[in-house]
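Colleague: Sharing a structure here in structure tokens format.
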Amino acid sequence: MNREKDIIIQLQDKISQLSKRLESFQNEIDGLRQDIHTLESKESEYVAIKTSGETGQEVFIQKPKPEVFIQEPQSEVLSQETKPEKPVLPSENPALLPILPDDKAEKEQNGDADRRKNIEKFIGENLINKIGIGITIIGVGIGAKYAIDNQLISPLTRIILGYLVGLVLFAFSIHLKKQYENFSAVLLSGSMAIFYFITFAAFSFYALYTQLFTFALMVLFTVFTVIAAIKYNRQVIAHIGLVGAYAVPFLLSDGSGKIAILLSYVAIINAGILVIAFRKYWKPLYYSAFILTWLIFLAWFIPDYDPAIHFGLSGGFVSIYFIIFYIIFLAYKLRKHEKFELEDILQLLVNSFVFYGTGYSILDQHTLGCDFLGLFTLCNVLIHSIVSILIYRQKQSDRNLFFFILGLAILFLTISIPVQLDGNWVTLFWSVEAALLFWIGRTKNAPVYEWLSYPLMILAFFSLSFGWPDVYHIFEAKQSNTPLIPLLNINFLTSLLFILSFGFINRINKDKQYVSPLQKDEHFLQVANLMIPAMLLIGVYFAFYMEIVNFWNQLYISTLVPLNANFAGHKEIGNENISEYKTIFLLIYSMLFFSVLSLVNITKLKNNLLGLINLGLSTFTLGLFLTLGLFALGTLRDNYLSQLNSEYFYRGSLDIGIRYLSFVFVGLILFTAKRQIKQEFLRTDLHKEFDYLLHITILTLTSNELINLMDLFRQEQSYKLGLSILFGSYALLLIILGIWKKKFHLRVGAIVLFSATLVKLFFYDLTYLNTISKTIVFLVLGLLLLVISFLYNKYKKVIFDDGGQ
């Protein structure tokens, strides 16, 4: 399917190129005719055509151009128009040169010339005039603002001058309409934007007009702009004239806070765009108006909204905007009975949720309005239900649109649940409802039910995700005598039911017995096939993750003990080792989770994408352990050796032994990762990358264990010497493995490691080591280098002749 689409796109591009060349040829033909007319009038020079039987014709002109070579249909017209009365031979006039058939170089030259002409034409005929009118409007705005700020001219004069500028542009647009319609449309749109601009200023800042008169003028300008846009059939008029008018309040703003005027002004412009929507389907215009309207509203609402003052005002205009854009997004396609595409559906969805979100916020901030949030949600259900009924009665309308609007009604009915309820019950309701709708959609071949299940899945997922931080808040032992029992609490039960619901959905989705009724939406199903198992795995992982976090948080709170008044101003102290244990156990859990997931994928799923993602997450988890985990283990060791706060908390051998338990899980995740990259279903060769990961992990752990042992035996100052010898020894090991296994990347890694060791030796170790230590490290590293050199010489045929890759 994708290959056929690519071929269609290539053919369309070819047609476009040929059309451009045909236009170029036609221009050349017109030029030739003009040259012929000139030559005939002078009666002194002629264009010669030499006929060579059935093989074609050869044209001679004064200034040959490769583009003049024409395909056969045009050549017939050319031969009739340029038939000479008196042939002129090349020998008689050497200036006459033949036009030869196009070769490859000429075709490329022609194509480049056409592209340059098209770019120049676009810039000259379209882009420059739009930039020019935009700069003109901005200039008028800046000039007006400057005049206002500096009191250069009287308010009445400012307004009159502004109208004069707009009238001049308007007059020029009318005068140029017949010959330059596109340019005329740009000028007209600019003049209308200026009229909006000046009228808004005259009323808002100078009170030169009454409110009724201003409203009438705005309506008049809007009506005229709408008529002009439709008559010209130019979207640019609507863009600059209507959408450009949104900038007026910001250009002329003086902080007066006349929000009712501003919102009314925006509503008038949107009404004009609504009228256009019944006649034209200009998506960029609708998108621009939608975005600018809500940006203007939110730019005022977020910082300045006062529920006591603006409650009714904001609620009324939010409803007006929502209804206008609802009709705009439906009007044209319902009137023409056209099919609704995915982007049309998204428009309606975004409009509905922006309205609901802003309306919810308006009510929620009001002392009485917060009691009507559920009713407001049900009003949304009623609106979408009425629209769906009206669409259903239009027999010729798109049935998918009816199902979508009905789905919106069901969706807001679903949202009304958390508005009246809260916490875990919302997640439970949505999870079970999503599973039920998905099961009906698949087993009963009902596409509308499957469509409705997907937004419910997303809602359930986010409800669970956003609820975790709240329900698993740090347990306050002082305020509650009922701590959460691990795995036996309502929060984990909610997560478990979510997992069961999504496990059921995933099983139905994978069952080949039930084919999705949405097969036409191939790309959406691909996304859904990734989304469902992803949300399931995230739910499983974090369900246990949050339980671990909560267990250690509660344990820490339970260790808090009061202190006397002389203890550095602190009233209580807790066992800080518990925070380190929490970090280590979370990393152990993560390594265990991704190891089990690897084994499941190897034995059951055999999924390439899951394998790659799991390997990436396993690598990331290992990286966290080698940084945060080893740091936590080091902190436990230091606290054990120093017996920090031992008068309050026990410091025992577990603080040291926990590191070796964690090393077991490091080995497990490396083992499962190695098994996974060997599987045939994993279509990417990652053996080299695994070698890097394995040896970096081993080197990091052995280095850390060396430091640990030296600290335990009170040899803290010897780790510099020990690490340098360890690095050099490991580099030798990598050289041996690289030669034995014929792995070039291991040998390169060894050289890099040894180079780093030498840099460490000369720039760090020599500063702190005594003479005996310096002697030892130099002797050892020198011997290691000699051994490496010997190995390279002895096995050079193995390394270099066989490639050793």
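The values are calculated or read from the model by the stated rules, or taken from the named source; none is laboratory data. All values reported here derive from a predicted model rather than from experimental measurement. Glycine also receives a Cβ, built like all others from the backbone with ideal geometry; neighbour counts cover every protein chain displayed. To get the accessible areas, we keep the full protein, side chains included, count just its heavy atoms, and leave off ligands, DNA and RNA. Shrake-Rupley method; radii C 1.70, N 1.55, O 1.52, S 1.80 Å.
Colleague: State the volume of the convex hull built on the alpha-carbon positions of segment 685-765, expressed per residue in Å³ and rounded to an integer.
Modeller: 77
Colleague: Which order do the peptides 733-744, 625-636, 646-657 come out in when sorted by mean C-beta neighbours inside 10 angstrom, highest first?
Modeller: Descending packing order for the listed peptides: 625-636, 733-744, 646-657.
Colleague: Order the peptides 196-206, 667-677 from the highest to the lowest mean number of other Cβ atoms within 10 Å of their residues.
Modeller: 196-206, 667-677
Colleague: From the gyration tensor of the Cα coordinates in segment 646-780, what semi-axes in whole Å does the equivalent ellipsoid have, largest first, with each one equal to sqrt(5λ)?
Modeller: Over the Cα atoms of segment 646-780, the ellipsoid semi-axes are 31, 26, 9 Å.
Colleague: Enter the mean projected area of the convex hull around the alpha-carbon atoms of segment 568-628, in nm², rounded to one decimal.
Modeller: 5.6
Colleague: From a point 7 Å beyond the Cα of Q513 in the direction of its Cβ, which residues of segment 425-441 have a backbone N at a distance under 15 Å?
Modeller: Once the point is set 7 Å along Cα→Cβ of Q513, 439-440 turn out to lie under 15 Å by backbone N, inside segment 425-441.
Colleague: Right, another one. In the neighborhood of L628, defined by Cβ-to-Cβ distances under 12 Å, what is the net charge if each Lys or Arg adds +1 and each Asp or Glu adds -1?
Modeller: Value of the local net charge: 0.
Colleague: Could I ask something else about it? Rounded to whole Å and sorted largest first, what semi-axes of the equivalent ellipsoid does the C-alpha gyration tensor of segment 508-597 yield via the square root of 5 times each eigenvalue?
Modeller: 48, 13, 9
Colleague: Could you list, in their original order, any pairs among K510/K606; K510/K678; K444/K512; K674/K741; K512/K606; K512/K604 whose Cα atoms are separated by more than 20 Å?
Modeller: Table pairs above 20 Å Cα-Cα are K510/K678.
Colleague: On the full set of protein chains, 1.4 Å probe, figure out the accessible area of F492 and give it in Å² to the nearest 10.
Modeller: 20
Colleague: Here's something else I'd like to know. Highest first, please rank the peptides 615-621, 498-504, 26-32 by the mean number of other Cβ atoms sitting within 10 Å of their residues.
Modeller: Per-residue mean Cβ counts within 10 Å order the peptides as 498-504, 615-621, 26-32.
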